[in-house]
Amino acid sequence: MRNRTPLVRPPRFAMGGGAADAFGGSGAPAVPVPTSRRGREIAMQYADDERGRFTERVFVFPTFDPLVPGGSQTVGAEESQTVQVMSNRTSFVRLVALRGILKFSNKLPLTGLELANLELRLQINGEEDLTTSGQQVNPASFATLFSQQTAPWFWMACPPRLRVGDILQATVTNTYPVSELSPNLTPEVSVRLVDDEWWMALYGGDYDDDEGV
């Protein structure tokens, strides 16, 4: 077992969120000399990337209906949408980042409380929740996750490894108290998925080099 230095710093350190260049603005790293099995694999991945084969995708959840105020106990205040994980050539991907925005409000001008009253719950295969209190499911607000102007995407420090075919479900709730002044809110949610082998080549840690040269 030997420690391997990642080729680039993870994008969560770059700031700027989705606008951050995958290679830090310096172009792709030099292709390693393929003297080992791993070197050949990475060289093939670089070649695939140069030919335009996607190693990273932005998955946009289907359009949400306008959510009425009232919270999860109110009909029409909560809605779930799903996307299915896919990849070009690997069996696993990494969920590296997610993003939620307010797409529309029927009450203008905005008050600044809209993102604080949109709550997100993200599940994998209807089982694992990415927001919790430690004992149970606890949705997080868009304001908590996505309101930083310098880094609007929420970058995972340890991106979950997903199998191709897994189902991601996003559930959004409008928690505004019910009143004549409370707005209907239309959210949009996206996730960024990167092929696992490509992610490991760029940002990964230790690996077994027994098959070396």
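The values are calculated or read from the model by the stated rules, or taken from the named source; none is laboratory data. Since this is a predicted model, take the numbers as computed values, not measurements. Don't worry about glycine lacking a Cβ; one is built from the backbone with ideal geometry, like all the others, and counts go over all protein chains shown.
Does at least one position in the stretch 114-135 carry a residue that is more than 13 Å from the chain's Cα centre (by Cα), part of a strand (DSSP E or B), under 25 Å from Trp198 (Cβ atoms) and β-branched (Val, Ile, Thr)? No, the stretch 114-135 contains no residue that is more than 13 Å from the chain's Cα centre (by Cα), part of a strand (DSSP E or B), under 25 Å from Trp198 (Cβ atoms) and β-branched (Val, Ile, Thr). Considering only residues in the stretch 114-127 that are without any contact (Cβ under 8 Å) to a residue 60 or more places away in the chain, among the aliphatic types (A, V, I, L, M) and in contact with a helix residue (DSSP H, G or I) (Cβ under 9 Å, 6 or more places away or on another chain), the one that is surrounded by the fewest Cβ atoms within 10 Å (Cβ to Cβ) turns out to be Ala116. Just one of the numbered conditions (1) aliphatic (A, V, I, L, M); (2) at pLDDT below 90; (3) surrounded by 20 or more Cβ atoms within 10 Å (Cβ to Cβ); (4) closer than 28 Å to Pro69 by Cα is not true of Val137: (3).
Residue-wise test of (1) surrounded by 17 or more Cβ atoms within 10 Å (Cβ to Cβ); (2) in contact with a Ser or Thr (Cβ under 9 Å, 6 or more places away or on another chain); (3) farther than 24 Å from Glu56 by Cβ.
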{"residue": "Thr132", "(1), (2), (3)": "no, no, yes"}
{"residue": "Pro159", "(1), (2), (3)": "yes, no, no"}
{"residue": "Ile167", "(1), (2), (3)": "no, yes, no"}
{"residue": "Thr175", "(1), (2), (3)": "yes, yes, yes"}
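Of everything in the stretch 79-89 that's surrounded by 16 or more Cβ atoms within 10 Å (Cβ to Cβ) and of a type in the set (Val, Ile, Thr), which residue is nearest to Thr171 (Cα to Cα)? Residue satisfying both the conditions and the ranking: Val83. Every listed requirement among (1) of a type in the set (A, V, I, L, M, F, W, C); (2) surrounded by 13 or more Cβ atoms within 10 Å (Cβ to Cβ); (3) farther than 23 Å from Leu193 by Cβ is met by Leu110 save one, (2). Taking the stretch 144-186 only, how many residues are in a strand (DSSP E or B) and aromatic (Phe, Trp, Tyr)? Of the residues in the stretch 144-186, 2 are in a strand (DSSP E or B) and aromatic (Phe, Trp, Tyr). For the structure I just gave you, tell me whether Val213 is over 16 Å from the mean Cα position of the chain (by Cα), in a loop (DSSP other than H, G, I, E, B) and modelled with pLDDT under 80. When the stated conditions are applied, Val213 passes them. (1) closer than 21 Å to Leu168 by Cβ; (2) part of a loop (DSSP other than H, G, I, E, B): which one isn't true of Leu110, the others all being true? Only one criterion in (1) closer than 21 Å to Leu168 by Cβ; (2) part of a loop (DSSP other than H, G, I, E, B) is unmet by Leu110, namely (1).
Within the stretch 128-150, residues that are under 14 Å from Thr171 (Cβ atoms) and polar (S, T, N, Q) have Cβ atoms under 7 Å from residues that are part of a helix (DSSP H, G or I) and at pLDDT 85 or above in these pairs: Ser141/Leu115; Ser141/Ala116, counting only partners at least 6 apart in sequence or on another chain. Of the candidates Gly76, Gly39, the single residue that is at pLDDT below 90 and either in a strand (DSSP E or B) or surrounded by fewer than 16 Cβ atoms within 10 Å (Cβ to Cβ) (or both) is Gly39.
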